[in-house]
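Below is one structure, written out as structure tokens, with a few remarks after it.
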Amino acid sequence: MRKVFLCVLIVALLSGLVACAQPTVSGGVIKSDKPRITSPQAGESDLTALASGNNAFAFGLYQALRGEDGNLFYSPYSISLALAMTYAGAKDETAKQMANTLHFTLPQDRLHPAFNSLDLELAQRGQGAKGKDEGGFRLNIVNAIWGQKDHHFLATFLDLLAENYGAGLRILNFANEPEESRIIVNEWVSDQTEGRIKDLLPLGSIDPLTRLVLTNAIYFNVAWQYPFNEDATRDGLFHLLDGGEVTVPMMSQKKSLGYAEGDGYQAVELPYDGRELSMVILLPQVGEFETFEKSLDSQRVDAIIKNLESSQVALTMPRFEFESSFSLRESLTAMGMPDAFTNADFSGMTGNRDLFISDVIHKAFVSVDEAGTEAAAATAVIMPTAAPPGVTVEVTVDRPFVFLIRDIPTNTVLFAGRIVNPSV
């Protein structure tokens with residue numbers, strides 16, 4: 001299965017952008033004059049609405065992706081966060097479709113402060129807790145914006161991202177150095193994810209039309225509250241959906257854990273060190289996987305979690321590590337935001353309706369072993385302009401000229417002539 005703890009979202013905006021104001025330039029980085037708001041005005045009800053909406057999107061996306069073969073691992077929070085930054089520049093029907101698809105129920109003036117508040121709250125997690133390795137607990141969430149040199153962007157858009165997402169605008173030369181720019185963004189992503197997400201932007205994804213790339217990176221590394229004893233790990237059989245079997249390392253422990261069971265499933269909750277985060281495993285009964293998976297939505301998952309009770313659990317589970325990547329364009333279109341990919345209005349970014357999303361690419365990594373969990377994910381929202389900006393050529397027909405009338409499909413000239421005096 002593909003999963004998600006660490007994520008990076010990249011929005012590549014390609015086109016000529018128009019701005020109302022010139023941001024401040026500082027140390028090679030263009031920044032909004034607005035500092036990040038560290039005490040956002042977001043009430044408890046707004047945070048509850050945001051979390052509920054994000055979870056509804058998470059399992060809506062799961063239903064859209066579950067038809068793919070093999071393991072599935074993705075970061076709904078990273079995708080929501082990155083698309084929230086994109087949504088900040090959406091208008092009219094494009095904004096409405098994005099809000100419905102992403103389950104953004106708050107108005108924009110409350111949604112972005114709520115994301116900011118949630119982000120700042122997550123930054124407080126894990127104080128004094130252990131990491132899966134020797135580095136200690138990490139849950140790092142970082143945003144950055146990459147803009148075309150000498151290009152202007154709407155100050156209102158930049159201010160909103162600066163105040164609520166802490167994102168400054170870094171200058172690159174997409175127009176003349178697209179490949180070099182792609183490498184710089186990919187290196188930033190790799191650095192933020194401790195090398196777990198590499199080459200997020202594939203070759204050719206950045207071209208001379210790129211004008212803006214928005215990135216979100218999340219990295220998660222934490223130890224179990226109750227680590228598994230490596231000496232207890234044994235090779236065991238894992239039964240596949242097609243009836244086959246594979247042999248994998250199976251970890252075992254007996255602990256007091258959150259447990260629930262219901263019609264067609266068992267659920268167990270494994271807390272991480274500090275007991276602020278956990279992994280919840282949902283195990284369908286034999287032969288019930290497809291039925292159970294099809295029934296999953298945020299309401300059912302919430303109900304299962306509420307039914308978890310402390311029980312003595314003898315848990316055996318596989319150790320696993322894998323990487324995955326896929327395109328979200330078709331899934332997001334089917335979920336209800338087609339205009340963002342076709343008839344888009346992102347004029348809140350540029351002042352013009354000159355950008356659309358060409359694809360949303362997601363890449364993820366997860367490693368679960370006896371010590372804990374490490375995960376990373378990245379999302380790229382690539383936005384080109386409808387047509388390349390060109391040099392304006394003036395043609396003034398103020399002297400004698402020749403003209404033709406032709407059939408285009410066959411290139412047959414039907415008439416030919418010249419004008420040396422149009423007044424006769």
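Numerical summary
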| quantity | calculated |
| --- | --- |
| Single condition Q299 does not satisfy, out of (1) without any contact (Cβ under 8 Å) to a residue 60 or more places away in the chain; (2) under 23 Å from N229 (Cβ atoms) | (2) |
| The stretch 234-260, subset out of contact with any strand residue (DSSP E or B) (no Cβ under 7 Å at 6 or more places or on another chain) and without any contact (Cβ under 8 Å) to a residue 40 or more places away in the chain, residue nearest to R319 (Cα to Cα) | G244 |
| Checklist (1) modelled with pLDDT under 85; (2) out of contact with any strand residue (DSSP E or B) (no Cβ under 8 Å at 6 or more places or on another chain) applied to M337, failing item | (1) |
| Hey, P227 out of contact with any Cys (no Cβ under 6 Å at 6 or more places or on another chain) and modelled with pLDDT of 90 or more or not | yes |
| Close pairs from the stretch 174-187: first among the polar types (S, T, N, Q), partner part of a helix (DSSP H, G or I), Cβ under 6 Å, at least 6 apart | none |
| Residue pairs meeting the criteria (Cβ under 8 Å; at least 6 apart or on separate chains; first in the same structural domain as H112 (by TED's automatic domain parsing), in the stretch 33-57; second among the aromatic types (F, W, Y)) | R36/Y165; L50/F115; G53/F104; N54/Y77 |
| Test: G195 is modelled with pLDDT of 90 or more, under 19 Å from the mean Cα position of the chain (by Cα), assigned by TED's automatic domain parsing to the domain that holds P35 and not in a helix (DSSP H, G or I) | yes |
| Qualifying residues in the stretch 283-339 (those that are outside any helix (DSSP H, G or I), within 24 Å of the chain's Cα centre (by Cα) and aliphatic (A, V, I, L, M)) - the one farthest from S52 (Cα to Cα) | L328 |
| Residue match in the stretch 74-97 (condition: free of Cβ contacts under 8 Å to residues at least 60 places away in the same chain, in contact with a strand residue (DSSP E or B) (Cβ under 9 Å, 6 or more places away or on another chain), more than 28 Å from Q148 (Cα to Cα) and in a loop (DSSP other than H, G, I, E, B)) | no |
| Scope the stretch 135-176; condition at pLDDT 85 or above, of a type in the set (G, A, S) and within 18 Å of Y87 (Cα to Cα); matching residues | A155, A162, G166, A167 |
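The values are calculated or read from the model by the stated rules, or taken from the named source; none is laboratory data. Fair warning: this is a prediction, and the values are worked out from it, not measured in the lab. We place every Cβ from the backbone using ideal geometry, glycine too, and count neighbours over all the protein chains shown.
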